[in-house]
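A short write-up of the structure that comes next.
The values are calculated or read from the model by the stated rules, or taken from the named source; none is laboratory data. None of the values given here were measured: they were computed from a predicted structure. Please note: Cβ atoms are built from the backbone with ideal geometry, for glycine as well, and neighbour counts cover all protein chains shown.
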Amino acid sequence: MDRVKDKVCVVTGGARGIGESIVSKLSAEGAKAVIAIDMNRENLNEVEKKYRNVEGYVVNVTKREEIEKFVGEIKEKYGRIDILVNNAGITRDALIQKMTEEDWDMVIDVNLKGVFNMTQAIAPVMMENNYGSIVSIASIVGEVGNIGQTNYAATKGGVIAMTKTWAKEFPRKGANVRVNAVAPGFILTPMTEKMPEKVLNSIVEKVTLKRMGKPEEIANAVLFLASDEASYITGHTLSVNGGTIL
Ligand SMILES: NC(=O)c1ccc[n+]([C@@H]2O[C@H](COP(=O)([O-])OP(=O)(O)OC[C@H]3O[C@@H](n4cnc5c(N)ncnc54)[C@H](O)[C@@H]3O)[C@@H](O)[C@H]2O)c1
């Protein structure tokens, strides 16, 4: 299928987990280029080898100078960026009493400011070309909260609020730039594999479909929102959680 035929796509945190799955879908759906950015060069090399038209760049979403240089290079090479997927994210969990300032700052820096940094750098390129679709990965935790995740919940709730704000801001002068989010439930990736089995089992009990999600189930939702199939959808957060909140 060719749902993103000839599009130039950027996926942050594209070297593993949900990000890798998004990269593989965009590649399979006819993208001209899928640019995976991550901090892990070895994983990026693997992703470049596995999928067609994929290029890996080592860029840290918290470093504004690195992002500026990266966006300049991509603009020079392709002249445009059609799709941005803000996927890079981290967790540093602790109850509020035990959460250090460093835990708070790190998660805010990557999950919230990272999304701000990337969008601020790339949205003008989209507006110049009068075309763009941005999808950011939020979380069920940003919708309903979670014990031990004050920092993470704040960032994911923030991503949902920024999505609505940018959906209003970017088309003000008529540019066809849409902004949406996907809020995954609990998905089996290296991020969640490190959680204790007891915790994982208690999560599954709360899921209507009685299982964790798969990265490709998130990638399918991202692909839909990123593509022109969702041409009249903007400012929306699509929950993909197996019916965990009903
Ligand atoms: N796995 C889940 O259950 C789940 C649920 C809801 C939301 N999410 C969100 O989905 C996204 C992907 O999660 P995942 O489970 O695939 O995580 P993951 O840890 O498996 O992968 C995240 C990737 O992001 C990269 N990354 C981290 N910090 C970065 C930075 N500063 N700059 C560039 N790249 C960076 C990592 O190197 C890694 O390759 C995250 O935003 C996460 O919060 C995950």
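Being more than 18 Å from Asn86 (Cβ to Cβ) and among the charged types (D, E, K, R) is a description that does not apply to Glu169.
Among the residues of the stretch 34-48, those that are away from the ligand (no atom under 11 Å from the Cβ) and aliphatic (A, V, I, L, M) comprise Val34, Ile35. Residues that are without any contact (Cβ under 8 Å) to a residue 24 or more places away in the chain and either at positive phi or surrounded by 14 or more Cβ atoms within 10 Å (Cβ to Cβ) (or both) do occur in the stretch 153-160, at least one of them.
For the stretch 83-97, taking the residues that are buried (at least 17 other Cβ atoms within 10 Å of the Cβ) and away from the ligand (no atom under 12 Å from the Cβ), the one that is nearest to Ile160 (Cα to Cα) is identified as Leu84.
For the stretch 98-107, the criterion of being within 11 Å of the ligand (Cβ to nearest atom), at negative phi, assigned to a strand (DSSP E or B) and at pLDDT 95 or above is met by none of the residues.
Among the residues of the stretch 151-207, those identified as among the hydroxyl-bearing types (Ser, Thr, Tyr) and out of contact with any strand residue (DSSP E or B) (no Cβ under 8 Å at 6 or more places or on another chain) are Tyr152, Thr155, Thr165, Thr189, Thr192, Ser202. The residue that is surrounded by the most Cβ atoms within 10 Å (Cβ to Cβ), counting only those in the stretch 137-152 that are more than 8 Å from the ligand (Cβ to nearest atom) and not in a helix (DSSP H, G or I), is Gln149. If you take the residues of the stretch 187-232 that are of a type in the set (Val, Ile, Thr) and farther than 23 Å from Ser24 by Cβ, which of them is farthest from the ligand (Cβ to nearest atom)? Once the filter is applied, the top-ranked residue is Thr208. Does at least one position in the stretch 160-181 carry a residue that is within 10 Å of the ligand (Cβ to nearest atom) and under 25 Å from Val58 (Cα atoms)? No, the conditions are met nowhere in the stretch 160-181. What is the residue count in the stretch 190-208 for residues that are over 21 Å from Ala15 (Cβ atoms) and assigned to a loop (DSSP other than H, G, I, E, B)? The total comes to 4. If you check Ala31, Ala15 for being near the ligand (Cβ under 8 Å from one of its atoms), surrounded by 24 or more Cβ atoms within 10 Å (Cβ to Cβ) and assigned to a loop (DSSP other than H, G, I, E, B), only one passes: Ala15.
Between Tyr51, Tyr57, the distinction of being free of Cβ contacts under 8 Å to residues at least 60 places away in the same chain, under 23 Å from Gly17 (Cβ atoms) and either buried (at least 20 other Cβ atoms within 10 Å of the Cβ) or more than 14 Å from the ligand (Cβ to nearest atom) (or both) belongs to Tyr51 only. Against the numbered list (1) of a type in the set (Lys, Arg); (2) crowded, with 17+ Cβ neighbours inside 10 Å; (3) part of a loop (DSSP other than H, G, I, E, B), Arg211 comes up short only at (2).
Checking each residue in the stretch 200-222 for being of a type outside the set (Asp, Glu) and over 12 Å from Ile18 (Cα atoms) picks out Leu200, Asn201, Ser202, Ile203, Val204, Lys206, Val207, Thr208, Leu209, Lys210, Arg211, Met212.
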